1. To the nearest 10 degrees, how steep is helix 164-177 against the longest Cα principal axis of the chain, on a 0 to 90 scale?
2. Pick out, in residue order, every one of the chymotrypsin sites (Phe, Trp or Tyr not before Pro) in the range 81-131 that is DSSP loop and has at most 13 other C-beta atoms within 10 Å; say none if there are none.
3. With a 1.4 Å probe and all protein chains left in place, how much of the accessible area of the chain comes from carbon and sulfur atoms, in whole percent?
4. On full extension of the chain, what length is gained from ASN315 through GLU345, given 0.36 nm per residue of separation minus the C-alpha to C-alpha distance?
5. Of the beta bridges DSSP finds with both residues in the chain, what % are antiparallel, to the nearest 5?
6. Would you please give the residues with an amide H less than 5 Å from that of SER367, counting only those at least 5 places away or on a separate chain, with H modeled from the backbone geometry?
7. For the range 471-478, what does the Karplus curve 6.51 cos²θ - 1.76 cosθ + 1.60, with θ = phi - 60°, yield as ³J(HN,Hα) per residue in whole Hz, taken in order and with x for Gly and Pro?
8. Just one of (1) 94, 78, 48; (2) 123, 55, 49; (3) 94, 66, 64 is Cα extents along the principal axes in Å calculated from these coordinates, so which is it?
Amino acid sequence: MSSGDAPLEAVGVEKIGSKPKSKEFYPFAYSLIDSTKDHYCWTCLGETVELTCDQCKVARFCSKQCQVSGAFDHKYECGAIQKCADLNTDERMLIRIIGRYKDILDGNDKNIDGFYTNRESGRTVMQIWEHCADMKKDEHAMNVFKKIYDRVKQFGDKNYLVDEDVAFQLHSRNFINRHSISNVDYLREIGKGLYLDLCRYDHSCRPNAIYSCNGTVAKLRALHDNVDLENVETTHYTYIELPPCKIQRRHMLKETWYFECHCERCEDPEDNWLTAVICPVCISKSEFHKTVKLHGPEAYANPQTLEIICDRCNNTLEREYIFLALDGMRTIRKTIESAEDVSTEPVELLKIYQGALMSYERVLPMSNAYFCQLIAAMIPLISRVSMTKKERLVASLDLHFKCEPFVRYVYRYAHPSKAMHFLQMGQLHLELHNDKDAARYLIEAHRIMDYLFGADHFLSKQTKGFMDHALSSLMQFQRSFVNVLEKAPEAKKALEERLLTKEEKKALKDAEKNKKKRNNKKNKKHAETNKKTIDDDLGDLPELVADL
């Protein structure tokens, strides 16, 4: 961070060890989202599809085996899809939930082969948390349910229907507790799943665990060795994205999950740096980016008057300036949300983002969440803009570097988002032939990937490949440099005189003496080789190792 910027605590991966911890969970019900239902298997969620359901002509399967094993899930929705092929994700999901609930209620589950294969759970669907009372007060939420239920009632199989009240009970539980299912790269949402045991774990904006999916199986992974995944009171993952500030996060959680978050991060005064501003007096007089908090009780010098004073120049921030900064944050949020409605061309989008960046770069610091989200939105556009390869690499690396302190603060411990950021920085440094910096970022990225996913996971292997390449290039450069110095003893001596301390010079001289002694001893041993037995040769092993 620049001088004077907010002292965000950058928590690394110091707590991670060598033994990753994970716990698997199976879905009560799941469904592909509308954009992926034509491209993924409806049973295993695999990316290769070969077969189509003969009845509805919509459901896709990767094999006959998946078509057969997924029949008891698909039977709930097949008839409805025949009547209405464009049933959306929420409608298909509710149909599956109601159908499975009815089969269990009627005792049919005991007669269906494979009904609980990879679908086990310690709770029933009616035992999980719900917010029925809150949803009934939410006009928008109720309108959404009414629309879904009307379509389910109209097109659904009459043998698998329940009355509106029970349907609402099930919908509420699904709406509050369902999880996003990603593809194997963890980069794209492909479906929704209701995991009855996974939803026992509460949310935290500073999680110590994450969940990922492999097909329909969700896996909760500890972010460091101190996490006990069996303890639902102390293990938390996040329901939302982590970069937003506290105000944004609480709004998202209240809007969807009907609670106000008071997790460790939301109660941490340090998090108020994410809505801080630059002192206008300090930057105008000395170009010093002194960061000042706007939120939290610690921000006010006088709680009665709510004055905000810079502790460097002792000037009070004017109300007009505070309103300007707050308006800037709102403007950046709206710019990011609506930019693609204006244009989808990368050059035009970059101009829009660059305009917002220049408008507020002397008002909002790099610790500000809105400012960092703006920079993050620019990163993927760089690769799509026409410029030279070096210009593109340098521009992208500069944006990554600006976001790095923010990334380290937001993503604690062995979080994969932090690893992906470091992987991208390492790749950029590699292409720019900055092997030392590349190795530094790639080692940290690989450490996280290997801990979270294991050595055999493709992300771990990919990161290790780049890391090994960087280290190999670095070692090759060092060997070449040493060889050049060996051929120029005067240059080597001058360099040693300039760079080495007295202690290092003494250590180097001692090392050279020891090397000569070993060489003399080795030569003597070599001259006597023909006189020795094989057993005698084993006695040379320590010396050979020392030479190596």
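The values are calculated or read from the model by the stated rules, or taken from the named source; none is laboratory data. Treat the numbers as computed from the prediction; the structure is a model and nothing was measured. Here the Cβ is made from the backbone with ideal geometry for all residues, glycine too, and neighbour counts use every protein chain on show. To get the accessible areas, we keep the full protein, side chains included, count just its heavy atoms, and leave off ligands, DNA and RNA. Shrake-Rupley method; radii C 1.70, N 1.55, O 1.52, S 1.80 Å.
1. It is inclined by approximately 10 degrees.
2. Working: sites: TYR101, PHE115, TYR116, TRP129; in loops: PHE115, TYR116, TRP129.
Passing sites in the range 81-131 are TYR116, TRP129.
3. Working: 15250 of 29300 Å².
Here carbon and sulfur together make up 52 percent of the probe-accessible area.
4. 6.4 nm
5. Numbers: 24 of 26 bridges.
So the antiparallel bridges in the chain amount to around 90 percent.
6. Placed amide hydrogens put ALA6 under 5 Å from SER367.
7. Listing the rounded values in order: 5, 5, 5, 5, 5, 5, 5, 4 Hz.
8. (1)
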